[in-house]
1. Which residues, counting only those in segment 50-68, are open to solvent by less than 40 Å² (accessible area, probe 1.4 Å) and within 12 Å of ligand 2 (Cβ to nearest atom)?
2. Could you grab the pairs with beta carbons closer than 8 Å, sequence gap of 6+ or different chains, first residue in segment 191-211 and free of Cβ contacts under 8 Å to residues at least 60 places away in the same chain and more than 23 Å from residue 261 (Cα to Cα), second one part of a helix (DSSP H, G or I) and not β-branched (Val, Ile, Thr)?
3. Is it true that some residue in segment 35-42 is open to solvent by 80 Å² or more (accessible area, probe 1.4 Å) and within 16 Å of ligand 3 (Cβ to nearest atom)?
4. Starting from segment 121-137, take each residue that is part of a helix (DSSP H, G or I) and list its partners that are of a type in the set (Ser, Thr, Tyr) and open to solvent by less than 10 Å² (accessible area, probe 1.4 Å), counting only C-beta distances under 7 angstrom and pairs at least six apart or across chains.
5. Of everything in segment 1-48, what is within 18 Å of residue 136 (Cβ to Cβ) and among the basic types (Lys, Arg)? Give them in sequence order.
6. Give the residue, chosen from 194, 178, that is within 12 Å of ligand 1 (Cβ to nearest atom), farther than 29 Å from residue 19 by Cα and of a type in the set (Asp, Glu).
7. Got at least one residue in segment 204-221 being of a type in the set (Lys, Arg), surrounded by fewer than 19 Cβ atoms within 10 Å (Cβ to Cβ) and within 16 Å of ligand 3 (Cβ to nearest atom)?
8. I'm told residue 229 meets every condition in (1) open to solvent by less than 60 Å² (accessible area, probe 1.4 Å); (2) touching a helix residue (DSSP H, G or I) at 6+ places or on another chain (Cβ under 7 Å); (3) more than 30 Å from residue 33 (Cβ to Cβ) except one. Can you identify the failing condition by its number?
Amino acid sequence: MEVFTSVKSLRNFLDQQILQQKTIGLIPTMGALHEGHISLIEASKTDNHITVCSVFVNPTQFNNAEDLLKYPRTLEADCVMLENAGCSAVFAPSVEEMYPEPAVLKINFGSLESVMEGASRPGHFNGVGIVVSKLFNIVRPHHAYFGQKDLQQVSVIRRLITDLAFDLKLVVCPTIRETDGLAMSSRNRRLNDEERAIAPHIHRILTTSKNNLLAGKPVKDVIKSAHGEFAGIKEFTLDYFEVVDVKTLMSIESIGAEDSNAICIAAFLGPVRLIDNVVF
Ligand SMILES: Nc1ncnc2c1ncn2[C@@H]1O[C@H](COP(=O)(O)OP(=O)(O)OP(=O)(O)O)[C@@H](O)[C@H]1O
Ligand SMILES: CC(C)(CO)[C@@H](O)C(=O)[O-]
Ligand code: BAL
């Protein structure tokens, strides 16, 4: 496996691959890798000759300085995992390499960013849009792999690909969970033992809420019960609990056809903010 820190060296490597008609899969990450990320590598390996994983904690998508500072950085261990997973190349640039000049471009995703993560983290999707566009231009992948765990991010990237005519296929991969249901996430490492023990309630409440909706309970009652459940666990501070249309991400008052609905949650456990969702 090759590790690149400069755009130029990665491009040289990929130019050779493209000349040999190799197909390229890209998995953009912020590192501190876990089995969720490895599932994206596996998906890419089945679809492409070459799998490139980027590891870059992108400062422009953080609106909270402490979150950026404390974001786990474990590049050496990440490279071992990627090598074992059969990844072809890692791109791990410095901030200066990715942003030789501060980006002035502003990307506004309209209504897609007016809710949930976009509303709670102003500027977040502008930063995601810029860095992902740069990665697409640098790597020129045939396929790009993203996790459903970041459901709103998937909608934003889908729009980015359409609006800027990126010539690639977006592949959305299912959320990989711990055995107790907690969605794998790099930020889980920041939880203390007590918080880690409580964290699976997020998935439990998501599942109960989904089942209640499918059983015909009104959306507003399900939202009320979920708020009550979170309020009953003092370690949690709920940021949002939304029942939305999976395409528009707008709140819905009653559920629609199969696979058109989603429940999305963001909740703080101490200083750590976790997100999760279920599509049904
Ligand atoms: N549990 C998971 N299952 C599948 N894909 C995942 C999972 N967690 C993250 N991903 C995907 O991996 C890619 C990189 O995500 P990222 O590096 O931010 O990891 P993360 O674990 O989501 O970290 P955090 O949520 O703490 O920022 C994204 O497309 C994300 O959706
Ligand atoms: C897509 C991404 C790597 C862009 O920095 C990030 O938002 C993430 O890890 O999901
Ligand atoms: N997984 C989304 C990246 C972020 O939280 O900034």
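The values are calculated or read from the model by the stated rules, or taken from the named source; none is laboratory data. None of the values given here were measured: they were computed from a predicted structure. Heads up, the Cβs are rebuilt from the backbone with ideal geometry, glycines too, and the neighbour counts pull from every protein chain shown. Each accessible area value is taken on the protein alone, full model and side chains, heavy atoms only, with ligands, DNA and RNA left out. Shrake-Rupley method; radii C 1.70, N 1.55, O 1.52, S 1.80 Å.
1. Selection gives 53, 54, 55, 56, 57, 58, 59, 61, 62.
2. Cβ pairs passing all conditions: 196/188.
3. Checked against the condition, which is being open to solvent by 80 Å² or more (accessible area, probe 1.4 Å) and within 16 Å of ligand 3 (Cβ to nearest atom), segment 35-42 yields at least one hit.
4. Final answer for the pair search is 135/54.
5. Once the filter is applied, which keeps residues that are within 18 Å of residue 136 (Cβ to Cβ) and among the basic types (Lys, Arg), segment 1-48 yields 8, 11, 22.
6. 178 is the lone residue from the list that is within 12 Å of ligand 1 (Cβ to nearest atom), farther than 29 Å from residue 19 by Cα and of a type in the set (Asp, Glu).
7. Scanning segment 204-221 turns up no residue that is of a type in the set (Lys, Arg), surrounded by fewer than 19 Cβ atoms within 10 Å (Cβ to Cβ) and within 16 Å of ligand 3 (Cβ to nearest atom).
8. The number of the failed condition is (1).
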